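Reviewing the structure listed below.
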Amino acid sequence: MNTHPKGSRARILLTSVFGPYAQDDEFGSRAINPMELYHNQVTRAQGSFSIRMFHRSWGIMMIQANISAPCTVLDFPRREDFARELKANRYDIVGISSIIVNLKKVIEMCRMVRELSPHSVIVVGGHVAALENLGEMIDADHIVRGEGISWMRRYLGEDEHGPIQHPAIISGLRTRVMGLRLPERKGGTAATIIPSVGCPMGCNFCTTSAFFGGKGKFINFFQTGDELFQVMSELEKELKVDSFFVMDENFLLHRARALRLLELMKAAGKSWELSVFASANAIRKYSMQELVELGVSWLWMGLESAQSNYGKLTNTDTRQLTRELRAHGIRVQGSTIIGLEHHTPDNIAEEIEHAVGHQTDFHQFMLYTPVPGTPLYREIADQGRLLSEIEMADIHGQYKFNFQHNAISRDDSKRFLDWAFWRDFERNGPSLYRMCRTMLEGWRRYKDYPDLRVRERFAREMKKVSTAYNAALWAMEREFRKVNKQVSEDIRSLRREIQKEFPLVGRVTAGVLGPVLLWSARREEKLLAEGRTYEPPTIVERSHWVMAH
Ligand code: B12
Ligand code: SF4
């Protein structure tokens, strides 16, 4: 690849694909595929109790922070914002970030660049590049497969092996729950930290693992616990946070790095809170005490199925593991796949019941989906089982199969998926309630723990549980009666327990804020029934910027 003739003087626009997203349109937006993590794939069946929030496009933020060329990041533009930005600034390079579902938007954006900014070089990156014949589908100059920071540095003639600067990222924005938007005060939301990309476990369906090299491979941005500690300390200072969303597909797999981080946290008295993704085999490498001292308070774990034979689940009773984690105050988000090869209409209900029986705090369900670039895709394609007429925009794991399953029809795949979400909600209650239960358990176990950092962390959590969350429980108890009376009673007993521990504050907040939340939750239910959806705001951020003349 030749470097760009202007090198680091080239003006760069890095953009995500255009919205609006949560609607059906000709560019591949789908109402059931909103730009939201929880409401898209975790709490989507939970009505007004669903946790609604947006996450920025971290890939392009990471690239921007690691190049010295003048650069604009345009996140969640509408088509007209993108057009305006192209016309207002003479960009030498336009970088578009996308995943496969948004292919049609990439096609349109490339077309718009050619029309509105014909001198620009078009670079397309992100998971959409896993499509082997992407070059024939879009009009771009470069397609970047895999890690993008090193590619962009190389293209600009900068040092591709230079140290990685981590941008200050606030993990979520515009959070809403029960019809109310939470205030966005500094330090109130976790910072996102991205230690590495990829995962060496190489599960056959896993796109992230495949995209960054597959089995045995991954790319570390921060190799050691020391580097990670330093980055986290900087983010703590800049964003005033003590909570981190660790965006690493399998954070706990790198044990030496995690334990060194713990050592440094202890020495510096850091009472940090970490939300991590980890596979069961990686979690098993730690004692509960190590996890708690490391600040792990939320854990996303693949459960897949009791009958599956993924290496990460070998010799693990995931139900027992979930129980244990929750008993130590660690919120668990389980992830279960619907439509594995051994699933049939006869055994699927039992498999869903097994998954739901984990009683995780959150539960993601996804269809087994061969996605281009993965070993599973190649296997299913070789067997001639891919359904060729399916649009890319519908291959996102929340709609219907994109392949011929041996026992389950396409329409049934959607029915079973929806049933799983509903069953989890009906049987276990709103995730917000489950979280409160786990946090109370953790606090009871650790409130007198010798390590002050741990005590402080649980005390912080309990402050929320005894106030705002307790008021939410008051409203939930009433609203949930019509869904499941038993769960509503369980919510009431949890409230009693909280009130026993915090008599005054518990009673006052439930009495004052509870009715407000009940009212706003009911109003939200009504709006949702009328088709209300949410869109992320458009964000523009410029670095090393000088106006063009
Ligand atoms: C945060 C996230 C989201 C956010 C969206 C954030 C956003 N603003 O777009 C939310 C939660 C809304 C979301 C939704 C969905 N997501 Co998502 N999401 C992720 C997640 C967890 C993290 C992404 C991330 O920031 N990674 C860290 C950064 C550093 O890595 P990166 O983005 O890959 O960027 C690097 C390279 O790809 C490259 N690069 C990226 N962009 C560009 C651009 C240029 C110009 C260049 C040169 C390079 C480049 O350089 C970067 C640095 O190395 C990934 C999983 C993962 N671990 O990556 C899934 C992932 C990207 N999502 C995925 C999917 C399928 C979805 C959904 C369809 C799922 C669903 N049904 O719910 C929806 C789609 C919503 C929509 N309407 O578009 C898949 C994509 C698969 C594919 N092959 O296309 C992934 C990989 C998860 C998975 N394993 O299945 N998602
Ligand atoms: S363990 Fe999780 S992140 Fe790693 S390859 Fe398997 S599914 Fe992907």
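The values are calculated or read from the model by the stated rules, or taken from the named source; none is laboratory data. Because the structure is predicted, anything quoted here is derived from the model rather than measured. Please note that ligands, DNA and RNA were not included when accessible areas were found on the heavy atoms of the full protein model with its side chains. Shrake-Rupley method; radii C 1.70, N 1.55, O 1.52, S 1.80 Å.
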Expressed as a whole-number percentage, the relative contact order of the chain with C-alpha contacts under 8 angstrom and at least six residues apart is 16
Determine the relative contact order of the stretch 363-515: mean sequence separation of Cα pairs under 8 Å and six or more apart, normalised by residue count, in whole percent.
-> 18
The stretch 190-330 - percent relative contact order, Cα under 8 Å, separation 6 or more = 21
C-alpha long axis of helix 468-480 to longest principal axis of the chain, angle in ° = 80
If the cut-off is 17 Å between C-alpha atoms, which aspartates and glutamates fall inside it for LYS215, apart from same-chain ones fewer than 8 positions away?
-> GLU147, ASP248, GLU249, GLU379
Computed curve, the stretch 175-274, Cα-only Debye sum without solvent term, log₁₀ I(q)/I(0) at 0.13 Å⁻¹, is -0.56
Can you give the Rg and Dmax of the stretch 380-479 based on its C-alpha atoms, in angstrom?
-> 21.9, 61
Expressed in nm to one decimal, what extension gain is obtained for the pair THR533 and HIS119 from 0.36 nm per residue of sequence separation less their Cα-Cα distance?
-> 145.3 nm
What list of ³J(HN,Hα) couplings, whole Hz, do you get for the stretch 359-367 from phi and the Karplus terms 6.51, -1.76, 1.60, once you set θ to phi - 60° and write x for glycine and proline?
-> 6, 5, 6, 10, 9, 8, 10, 9, 6
How many percent of the accessible area of the chain is carbon or sulfur, using a 1.4 Å probe?
-> 51
One would report the Cα pair-distance distribution of the chain, bin width 10 Å, in %, as 3, 17, 28, 28, 18, 6, 1
Residues meeting the amide H criterion for ILE408 (H placed from the backbone, H to H distance under 5 Å, 5 or more places apart or on another chain) are none
Surface accessible to a 1.4 Å probe, per residue, for the residues of the chain, Å² = 41
In whole angstrom, note down how far apart the Cα centers of the stretch 214-274 and the stretch 463-478 are.
-> 31
P(r), alpha carbons of the stretch 493-549 - 5 Å bins starting at zero, rounded % | 4, 13, 11, 11, 10, 9, 10, 9, 7, 7, 5, 3, 2, 0
Calculated diffusion of the stretch 392-434, Stokes-Einstein form, Kirkwood radius summed over Cα pairs, 10 °C and 1.306 mPa s, µm²/s = 134
Provide, as a two-decimal number, the C-alpha radius of gyration of the stretch 22-174 over 2.2 N^0.38 Å, N being how many residues it has.
-> 1.11
Of all C-alpha pairs within the stretch 474-515, those more than 17 angstrom apart amount in percent to 30
Given a cut-off of 17 Å, what percent of all Cα-Cα pairs of the stretch 123-214 lie beyond it?
-> 68
Stokes-Einstein D in µm²/s, Kirkwood radius over Cα pairs - the stretch 320-390 at 37 °C with 0.692 mPa s viscosity = 229
What is the Rg over Rh value, at two decimals, for the stretch 242-287, using alpha-carbon atoms and the Kirkwood definition of Rh?
-> 0.96
Do any of LYS240/LYS464; LYS447/LYS485; LYS186/LYS285; LYS400/LYS526; LYS400/LYS464 go past 29 Å between their Cα atoms, and which?
-> LYS447/LYS485; LYS186/LYS285; LYS400/LYS464
List, in order, the whole-Hz ³J(HN,Hα) value for each residue of the stretch 422-427 obtained from phi through the Karplus relation with A = 6.51, B = -1.76, C = 1.60 and θ = phi - 60°; use x for Gly and Pro.
-> 5, 4, 4, 5, 5, 7
Percent antiparallel among DSSP beta bridges with both residues in the chain, to the nearest 5?
-> 25
Over the stretch 450-549, volume per residue of the alpha carbon convex hull, in Å³ | 197
Over all Cα pairs of the stretch 288-361, the Kirkwood radius sets Rh, and Rg/Rh then becomes 1.01
